[in-house]
Amino acid sequence: MIVVDFPEVSDVAGSRILDNYADSRGWSGYICSVEGGRSGTHIPLKASGAVSSSARKLIEQYTREEFGDEDPVQCWIRDNAKPVIWTVDEFRHNGSPRQRELFTIVADEGFHSGVSIPLFGPSNIRGTLVALDSAESIEVDRAIDEIKESIPLGNSLITCACRQAPPSPAAPALTAREIECLRWVAMGKTSWEISLILAISARTADFHVQNAMAKLDASSRQQAIYNAMGLGLLPRPMPAPETIA
């Protein structure tokens, strides 16, 4: 694998790059949303760079109807920090009433599937790049390619958004042991497994993880990892995609 670092781009250049990139990949539309700080302060890129013209009506209604906290794809990304491959039919017929309403609107706008990719930037800036497709199904291999190709560009755009961001809260003072335990949690280890690795009791391992969660204002271990990554306390690996049903 060859990793390519994208140079920082201006807002105007970022708009053109994202438009051209979406056209080259054959996307039907795209949305790039940005958040900053643990409080979730919204920091939009310039409008032309954040949303394709084909998705502008969709995002306006999405914002107006306040679907953000009930969007299952966005909630999954917020809690797990992993890309998601999704289709409208997964939620239009099987989700909650609000989820069915949301994905009916998505379908009415001509989008039937997509790939949602978490992005990370400095100063606890994070966001999501959503590639929208008119096809009712999406090829997993193609979607994985989209993810691998899109993450560097998306993170570069997130970096640009930092210039528009209000000051981010300082990173909480986690102890070395709390960070160490969180790092193992991020690798999928349980408190019992961490206790064996670090030669401590499972109760002590759980104590350090719970302390880290409290300091990071997180309600779950995955949320703590997500917040720690955003604050630069944990490295940000390129995650594998998951398909959610």
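The values are calculated or read from the model by the stated rules, or taken from the named source; none is laboratory data. Computed from a predicted model, the values in this text were never measured in an experiment. Positions of Cβ are backbone-derived with ideal geometry, glycine not excepted, and every protein chain shown enters the neighbour counts. Accessible surface is based on the protein model in full, side chains and every heavy atom, while ligands, DNA and RNA are left aside. Shrake-Rupley method; radii C 1.70, N 1.55, O 1.52, S 1.80 Å.
Each row is one residue, and each column tells you yes or no for (1) free of Cβ contacts under 8 Å to residues at least 60 places away in the same chain; (2) among the aliphatic types (A, V, I, L, M); (3) touching a strand residue (DSSP E or B) at 6+ places or on another chain (Cβ under 7 Å).
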site: PRO72; (1), (2), (3): no, no, no
site: PRO83; (1), (2), (3): no, no, yes
site: ASP89; (1), (2), (3): yes, no, no
site: LEU102; (1), (2), (3): yes, yes, no
site: VAL106; (1), (2), (3): yes, yes, no
site: HIS112; (1), (2), (3): yes, no, yes
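Being of a type in the set (Lys, Arg) and modelled with pLDDT of 80 or more: is that true of LYS46 here?
On the way: of a type in the set (Lys, Arg): yes; modelled with pLDDT of 80 or more: no.
Taking the combined requirement at face value, the residue does not satisfy it.
Applying the selection to segment 57-69, what residues are open to solvent by 70 Å² or more (accessible area, probe 1.4 Å) and either without any contact (Cβ under 8 Å) to a residue 40 or more places away in the chain or within 17 Å of the chain's Cα centre (by Cα) (or both)? Spell out the reasoning first.
Restricting attention to segment 57-69, the residues satisfying the condition of being open to solvent by 70 Å² or more (accessible area, probe 1.4 Å) are 57, 60, 63-64, 66, 69.
Of everything in segment 57-69, those that are open to solvent by 70 Å² or more (accessible area, probe 1.4 Å) and either without any contact (Cβ under 8 Å) to a residue 40 or more places away in the chain or within 17 Å of the chain's Cα centre (by Cα) (or both) turn out to be GLU60, THR63, ARG64, GLU66, ASP69.
Which members of segment 127-147 meet the condition of being in a helix (DSSP H, G or I) and farther than 19 Å from ALA81 by Cα? Step through it out loud before you land on a result.
Initial filter on segment 127-147 (in a helix (DSSP H, G or I)): 140-147.
If the condition is that a residue be in a helix (DSSP H, G or I) and farther than 19 Å from ALA81 by Cα, then ASP141, ARG142 are the ones that fit.
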